[in-house]
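Student: Following this message is one structure expressed as C-alpha cells.
The values are calculated or read from the model by the stated rules, or taken from the named source; none is laboratory data. Because the structure is predicted, anything quoted here is derived from the model rather than measured. Neighbour counts are summed over all protein chains in view; Cβ atoms, including those assigned to glycine, are modelled from backbone coordinates with ideal geometry.
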Amino acid sequence: MIHDIAVIGAGMAGASLAAELAAHARVLLLEAEDAPGYHATGRSAAFWEECYGGPGVVPLTRASGAYLAQHGFLTQRGALYIGRTEDRAAMDEFRASYNGTGVQIERLAPEALAERVPHVRPEWSEALYQPACADIDVAGLHQHYLAEARRQGVTIATRARVSGLARANGVWTITGQTGETWQAATLVNAAGAWADEIARLAGVAPIRIAPFRRTVAVLQVEPQAPADLPLVIDVGGGFYFKPDGGRLWLSPHDEIPSEPCDAAPEELDVAIAIDRFQNVTDWRIAAVEHRWAGLRSFAPDRMPVYGFDADADGFFWFAGQGGFGIQTAPAAARLGAQAVLGLGADAMTAGIDPAAYAPARFKYNWEVMFSTQGYSSKASAQNVIDSIKQNGPDAEVEDNS
Ligand SMILES: Cc1cc2nc3c(=O)[nH]c(=O)nc-3n(C[C@H](O)[C@H](O)[C@H](O)COP(=O)(O)OP(=O)(O)OC[C@H]3O[C@@H](n4cnc5c(N)ncnc54)[C@H](O)[C@@H]3O)c2cc1C
C-alpha cells in the first residue's frame, strides 16, 4: 500500500500533525521507540508561557491557547520574570520586545514579588508578571492527539526506526532498521533531535537543527512549596522553578550542545541549578528526589521549521520545536497540515504568517550578507532580505548557508 503521507517521529510534533492530517489522507506514523513520547515530549517542564521562545513564537503559542483551554489541558499558574536592580534595563528591554504581540505583562513592586514568592532574597526586587501562563497536561495532550490519529485511521508503527529513504517515481520507499519497508508519496520529518539525520538519509541538505540538553531537578524543600507559586523565571536566563505536588521543579536553564541521544542529567548541572536557586531564595533543600534531562532542538534562527523543502520533492520539515513544542502544538499542527495539504488558513491560523517558519528562509543567509555585503547592522541585512522576498516567490535567490 502506498500511503499519502508518512510522518517520522511520534512525539508531540508528529502525533499532533498526524491527527490533523488524518481526515484528509492515508497517514502512516513511524516511531523508533517502544512507545511514543519517550524523548523531548516526555521530558518537558509542562508550561504554556506566552513569552517563551521569544516574540517570533508568540503567534503560535497564543493561537494554541484556546484549543488547549477548551480541551481542558491548561491550569492557570502565572509566570514571574524576576531580576535584581542591575537587571532593570534587561527587564525593560524584555517587556518592550513583546509590545504589539498581545502578551499582557505587568510590572510588580518588590513587596508584591515577596508576597508571591515566599523565601525570595531581598536583592531580587524586580518582577514582571505574565498572568496567562498555565501548566499543560503534556501526557494528556499527546495521548489526545494519538487517540485522534488512531480514531481517524492513522496507522501507528512503534519500534519502527527509519534507517533508509529513497525516492523514485514520486514515491518514498522507507526502510526500517529491521528490514521492513513502507511507501508514501509525502514524507514528513518530525524526528525532533534527529531531524537533520532524517534529511541526510533522504539525500536532503540538513538545516542544521541542533539539539541542546536541558536539565530539571525535583526538590523537596522545607517548608513545602505552595501550590499557588507562579512559574518563576530569571530574566537573565539562569534558572526557572515551579511547584508540583508540594515539590519544586528547578532547572538551571542549561543549554548544552549534544548529539541526538537518550539525554541523561549530569550532576554538575543539578549542582549549578541548586547553587543558583540558593542565591535567589532561602528555602531549605531537604532532598533532590528526582532529575531528568531532555533535548531541545533549534534551527539556526531558533524559529521552528514547517514546510516543504524547496529542493526535495515531497519532503516536508516539521522540526526545530525548541523549548516551545508543547505549548505551540495545536496551532503548529494545524498550520503544518494546511501546508502539507495545500489548504488555506482557518480561524486558528488566520493570524499566523507561515512564511516566518518556512524552510525557504534558510536560502537567504543574513549572517553572510551582513559580513560580506557591507551592511552596517544585521537588521539592515534582514531588511534587504525581506524586500527581496517581497519581489515575489519566483525571485532568484542564492543559497549561501
Ligand atoms: C527539560 C525540557 C523542558 C521543556 N519544557 C517545555 C515547556 O514547558 N513547554 C513547551 O512547550 N515545551 C517544552 N520543552 C520542549 C518540548 O518538549 C519539545 O519542543 C517537544 O517535545 C518536541 O517534540 P518533537 O515531537 O519534535 O520531539 P520528540 O518528542 O523528541 O519526538 C521525536 C521523535 O522522533 C523519533 N525518531 C527519531 N529518529 C527516528 C527514526 N529514524 N525513525 C523513527 N522515529 C524516529 C524519536 O524516537 C522521538 O520519539 C521542553 C523540553 C525539555 C527537554
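Student: Conditions first: (1) away from the ligand (no atom under 11 Å from the Cβ); (2) part of a loop (DSSP other than H, G, I, E, B); (3) surrounded by fewer than 21 Cβ atoms within 10 Å (Cβ to Cβ). ALA185 passes all but one, so which condition is the exception?
Tutor: (2)
Student: Determine which member of the set ALA332, ALA337 is closer than 16 Å to GLY9 by Cβ and out of contact with any strand residue (DSSP E or B) (no Cβ under 9 Å at 6 or more places or on another chain).
Tutor: Just one listed residue meets the conditions, ALA337.
Student: Given the structure, is LEU68 closer than 30 Å to PRO131 by Cβ and either more than 10 Å from the ligand (Cβ to nearest atom) or in contact with a strand residue (DSSP E or B) (Cβ under 9 Å, 6 or more places away or on another chain) (or both)? Break it down stepwise before answering.
Tutor: On the way: closer than 30 Å to PRO131 by Cβ: yes; either more than 10 Å from the ligand (Cβ to nearest atom) or in contact with a strand residue (DSSP E or B) (Cβ under 9 Å, 6 or more places away or on another chain) (or both): yes.
Criteria met by LEU68.
Student: Out of GLU255, GLU267, which single residue is surrounded by fewer than 22 Cβ atoms within 10 Å (Cβ to Cβ) and either farther than 21 Å from THR41 by Cβ or out of contact with any Phe, Trp or Tyr (no Cβ under 6 Å at 6 or more places or on another chain) (or both)?
Tutor: Selected residue: GLU267, the only one of GLU255, GLU267 that is surrounded by fewer than 22 Cβ atoms within 10 Å (Cβ to Cβ) and either farther than 21 Å from THR41 by Cβ or out of contact with any Phe, Trp or Tyr (no Cβ under 6 Å at 6 or more places or on another chain) (or both).
Student: Can you name the condition, by its number, that ALA35 falls short on among (1) crowded, with 20+ Cβ neighbours inside 10 Å; (2) farther than 19 Å from GLN338 by Cβ?
Tutor: In the conditions (1) crowded, with 20+ Cβ neighbours inside 10 Å; (2) farther than 19 Å from GLN338 by Cβ, ALA35 misses (1) alone.
Student: Of everything in segment 1-54, what is within 30 Å of PHE94 (Cα to Cα) and not aliphatic (A, V, I, L, M)? Give them in sequence order. Let's see the steps before the verdict.
Tutor: Restricting attention to segment 1-54, the residues satisfying the condition of being within 30 Å of PHE94 (Cα to Cα) are 12-13, 40-54.
Once the filter is applied, which keeps residues that are within 30 Å of PHE94 (Cα to Cα) and not aliphatic (A, V, I, L, M), segment 1-54 yields THR41, GLY42, ARG43, SER44, PHE47, TRP48, GLU49, GLU50, CYS51, TYR52, GLY53, GLY54.
Student: While we're here: Of the residues LEU30, LEU60, LEU17, only one is within 15 Å of the ligand (Cβ to nearest atom), closer than 20 Å to MET303 by Cα and in the same structural domain as GLU180 (by TED's automatic domain parsing); which?
Tutor: Selected residue: LEU17, the only one of LEU30, LEU60, LEU17 that is within 15 Å of the ligand (Cβ to nearest atom), closer than 20 Å to MET303 by Cα and in the same structural domain as GLU180 (by TED's automatic domain parsing).
Student: For a quick check of your reading of the model, give me the residue pairs whose first member lies in segment 24-36 and is over 17 Å from VAL162 (Cβ atoms), whose second is among the small types (Gly, Ala, Ser), with beta-carbon atoms closer than 8 Å and at least 6 apart or on different chains.
Tutor: Listed by first residue and then by second, the contacts come to HIS24/ALA337; ARG26/GLY153.
Student: Oh, and also: What tally of residues in segment 123-170 results from selecting those that are farther than 30 Å from GLN104 by Cα and assigned to a strand (DSSP E or B)?
Tutor: 10
Student: Give me the helices (runs of 4 or more DSSP H) completely within segment 16-122, filtered to those with at least 2 residues that are more than 25 Å from GLN278 (Cβ to Cβ), ordered by residue number.
Tutor: Those helices (runs of 4 or more DSSP H) span 58-70, 88-96.
Student: Mind listing just one residue for me: the one in segment 38-53 that is of a type in the set (Gly, Ala, Ser) and more than 6 Å from the ligand (Cβ to nearest atom) and, of those, surrounded by the most Cβ atoms within 10 Å (Cβ to Cβ)? Steps first, answer last, please.
Tutor: Start the filter on segment 38-53 by keeping residues that are of a type in the set (Gly, Ala, Ser), which leaves 40, 42, 44-46, 53.
Filter again for more than 6 Å from the ligand (Cβ to nearest atom), leaving 42, 53.
Working: GLY42: 17, GLY53: 22.
That would be GLY53.
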